[in-house]
1. Relative contact order for the range 51-114: what percent, with Cα pairs under 8 Å and sequence separation of 6 or more?
2. At 10 °C and 1.306 mPa s, grab the translational diffusion coefficient of the range 21-113 from Stokes-Einstein with a Kirkwood Rh over Cα pairs, rounded to a whole number in µm² per second.
């Protein structure tokens with residue numbers, strides 16, 4: 001029995017979308033401050049073909065309070081970063097992660113000062 005190489009190339013997989021180390025550090029730093037303030041208690045990371053999502057929960061059994069999304073396909077348009085609220089409303093979009101997360105930074109400051 002002879003094995004001949006197939007003329008059909010293997011299908012190429014699209015590159016996996018994920019947080020870079022620096023991006024993940026920024027997100028976890030913010031999450032840690034939310035945890036210290038007693039507002040956030042759990043998180044989840046979901047990846048898909050066009051986005052990676054960091055979800056923040058008050059309790060694990062609830063819907064997420066916020067979602068931080070990275071969608072590289074939107075990088076040249078409105079920006080690859082977005083922060084969504086619990087009802088799916090866009091709170092902020094941007095090209096830079098730190099500037100986009102400002103909306104959550106301000107919410108945490110209000111909680112800490114209250």
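1. Details: 99 pairs, mean separation 13.0, N = 64.
That works out to 20 percent.
2. Translational diffusion coefficient: 119 µm²/s.
Every number in this text was worked out from the coordinates using simple rules, so none of it is lab data. These numbers were taken from a predicted model, which means no experiment stands behind them.
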